[in-house]
Amino acid sequence: MDYGKTLNLLQTEFPMRGNLPQAEPKMQEQWAEEDIYAKVQESRKGKPKFILHDGPPYANGDIHIGHALNKVLKDIIVRFKTLQGFDAPYVPGWDTHGLPIEQVITNSGKVDRKKMTVPEFREYCKEYALQSVEKQKSQFQRLGIRGDWKNPYITLQPEYEAQQIRVFGQMVQKGYIYKGLKPVYWSPSSESALAEAEIEYKEKTSSSIYVAFPIKDGKGKLPQDAAIVIWTTTPWTLPANLGISLHPEFDYAVVRVADKKYVLAQGLLASAAKEIGWTDYEVLSTIKGSELEFVTCQHPLYDRESLVMVGEHVTLEAGTGCVHTAPGHGEDDFAIGQRYNIGVLCPVDDQGHFTAEAPGFEGMFYEKGGKLVIEKLQESGLLLKVGEIQHQYAHDWRTKKPVIYRATEQWFASIDKFRQEMLDEIKQVKWTPEWGEVRLHNMIADRGDWCISRQRAWGVPIPIFYCRSCNEPLVNEETIEHVARLFEKEGSNAWFIKDEKELLPEGTCCSKCGHADFRKETDIMDVWFDSGSSHVAVLESRPELKWPADLYLEGSDQYRGWFNSSLITGVAAKGKSPYKGVLSHGFTLDGEGRKMSKSIGNTIDPNVVCGKLGADILRLWVSSVDYQSDHRISDNILNQTTEVYRKSAIRCASCWGT
């Protein structure tokens, strides 16, 4: 007997299986044919606007699970605001300049960079970037993200580059841009300066050495037969040493060890003695650091003096309280060196090799040179202890290799000149989570000036000229606008194709010496200046949008990236924050809470998920996690999400059937 005929079963046209991988592309194709996005926007004309400004993902490779989470979150918010009655356009964008693309082209084997001009190389970079944009665009659309995919913003577009030049020009006019010799993060592997946002920290083993600097002139304060003890984990910087820094308020002990005398902070004497191996020592006297100012020591490698200086940056956290100071290789070192006018010595070139300014080490890579430094110190008897230390060390986030501090002439944006304005603006922004306010406040309060120049080819050039006669920099409202208009027509490649006369307004002369012969700057802008200018290049330039944005939504790493650079350019150029609200999300981890890594094999490819389970499963997962914190995903979690989806679909079908 067929008992099914005796049951009052619900009748529905809904299939029991969603078949999302097959059904979704057909639906999305239909939406594209009907231009659903345009119809939605037309229906909301005249309504109050809600602008979520899209932070540009980098145009390189396929999208990853972090991209998927970010874009789906944005899509949910934009759709919700649309349903609330707002005019909520969504303009997606891409970041398309920078070193990763240069490396892809260089390493592809298809081009010989040495045999091509800069414009030719840049064309290869542009082609690759636009191909990546198209690839990622189709992948984002497969996730069901509704937006103006026909007219995205792309940082290499001529109109975008022109607006970026104008932002730079506004900052120049306000006196925020300057050129200076300062230590900056330098990547020998990239041969370029790096921004803070291009740095990541990884575990590294470094040599840890204690070195004696013999007293040359104790000024009647220290015995002439004593030596000041320094501690450093960068032996390779000793050839650049020009001084020793002490804290003015610390007590410093003169210690007898066997037949020798040493000077170090009393607060670190016990720990340093243990590290060095002093089992029997005697404190002969103590003296305040302030009294030792202008004492001189003999450099342990060269026939020159090291000046004793006093500064508040010295701490008792580790070492000896006597800080080896090389103004060419550290921020604090540079600052105190400027105060005492001891000069700047940076005997390391772009590739990380010692120059002739480091006799005995010339031509060596700095790490190899550091080992020879230790050998020479051992020979001289001034090396008191050598060991190793495991610590977090700055690395180039692209090449994954260590970076160094290196003093070079770079272009900077002065943060000090408008720091307080930025801190005031941060208070006016709605932060979700609330701790975002404290995080960005502290970053802006503590950050140094922004190094905006890069020694690369693929990017927006810094629109500055130099008089060939007196080397005076030339940049003003007229030259900026002339370059901006040129870029609007031809793109930034014009800078590398045209000569200086074509790039300058007719009749331009040097204001200092009157000559009319100029050379152009060869550096490009930091890519964070590119994306950080999007609020002007996009929000202010497109009629369907408005400035400032109601919301920026990105991962928590963007407090030091896009949130940061956008605030700087916004306040510098326009006096206000470019966003009213910021929402940040955490990172996507695997099912065991580990960071995703291809080497571990624990990544989840959103493209694979869409092909196997469907985009709706990913969207349901996004809507179910606590995205403000770090969150997990795995095949098992996705299978559970699929089961939830299936049961919900059955219930939905049942309701529709009645």
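The values are calculated or read from the model by the stated rules, or taken from the named source; none is laboratory data. Source: prediction; values computed, not measured. Neighbour counts run over all protein chains shown; Cβ positions are idealised from the backbone, glycine included. Ligands, DNA and RNA are excluded from the accessible area calculation, which covers all protein heavy atoms including side chains. Shrake-Rupley method; radii C 1.70, N 1.55, O 1.52, S 1.80 Å.
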Across the alpha-carbon set of region 208-258, Rg over Rh with Rh taken as the Kirkwood radius works out to 0.96
Here the relative contact order (percent) of region 224-374, from C-alpha pairs under 8 Å and at least 6 apart, is 30 percent
Provide the packing ranking of 614-624, 141-151, 429-439, 93-103, i.e. peptides ordered by the mean count of other C-beta atoms within 10 Å per residue, highest first.
-> 93-103, 614-624, 141-151, 429-439
Just the number, please: carbon plus sulfur as a percent of the accessible area of the chain, 1.4 Å probe, no ligands or DNA/RNA counted.
-> 49 percent
Within region 596-621, find all residues whose amide N lies under 13 Å from a label point positioned 7 Å from the Cα of A23 along Cα-to-beta-carbon.
-> 614-617
Relative to the longest principal Cα axis of the chain, at what angle does helix 20-34 sit, 0 to 90 degrees, rounded to 10?
-> 80 degrees
Could you give the angle, 0 to 90 degrees to the nearest 10, between helix 419-428's Cα long axis and the longest principal axis of the Cα atoms of the chain?
-> 30 degrees
Partner aspartates and glutamates whose C-alpha sits under 15 Å from that of K135, ignoring same-chain residues fewer than 8 away, are D62, D95, E127, D605
Filtered hits (aspartates and glutamates, Cα-Cα < 12 Å from K498, offset >= 8 within chain) -> E490
R0 = 51 Å: FRET efficiency of K150 with E191, Cβ-based, nearest 0.05?
-> 0.85
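Stretch R79-D225 to full length: gain in nm at 0.36 nm per residue minus the Cα-Cα span?
44.8 nm
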Pairwise label distance in nanometres, R339 with K427, each label 7 Å out on the Cα-Cβ vector | 2.9 nm
For K179 and N476, what does the FRET efficiency come to when R0 = 22 Å and r is the distance between their Cβ atoms, rounded to the nearest 0.05?
-> 0.90
With the charge dipole of region 24-124 built from beta-carbon charges (+1 for Lys and Arg, -1 for Asp and Glu) about the Cα centre, the Cα from S108, T96, F50 projecting farthest to the positive end belongs to F50
In debye, nearest 20, what is the charge dipole magnitude of region 372-493 about its Cα centre with +1 on Lys and Arg Cβ and -1 on Asp and Glu Cβ, if you could check?
-> 500 debye
A correct Stokes-Einstein calculation for region 59-185, using the alpha-carbon Kirkwood radius, 10 °C and 1.306 mPa s, returns a whole-number D in µm² s⁻¹ of 90 µm²/s
Please find the FRET efficiency linking F294 to K371, where r is the Cβ-Cβ separation and R0 is fixed at 25 Å, and quote it to the nearest 0.05.
-> 0.15
Sequence-distant lysines (8 or more away, or on other chains) whose Cα lies within less than 27 Å of K430 | K45, K47, K49, K71, K74, K81, K417, K546, K574, K576, K580
Can you grab the distance from the C-alpha centre of region 246-264 to the C-alpha centre of region 489-559, Å, no decimals?
-> 54 Å
Protection-proxy order for peptides 570-576, 41-47, 326-332, each taking the mean of Cβ atoms within 10 Å per residue, highest first | 326-332, 570-576, 41-47
Label-to-label distance, nm, for residues given as Y201 and R468 (7 Å Cα→Cβ offset) | 4.9 nm
Spherically averaged projected area of region 326-390 from its Cα convex hull (nm²) | 5.7 nm²
With label points set 7 Å from each Cα along the Cα-to-Cβ direction at R646 and S108, the distance between them in nm comes to 4.4 nm
Any idea how far the Cα center of region 77-132 sits from the one of region 310-364, in Å?
-> 38 Å
In percent, how large is the relative contact order of the chain, given Cα pairs closer than 8 Å and 6 or more residues apart?
-> 19 percent
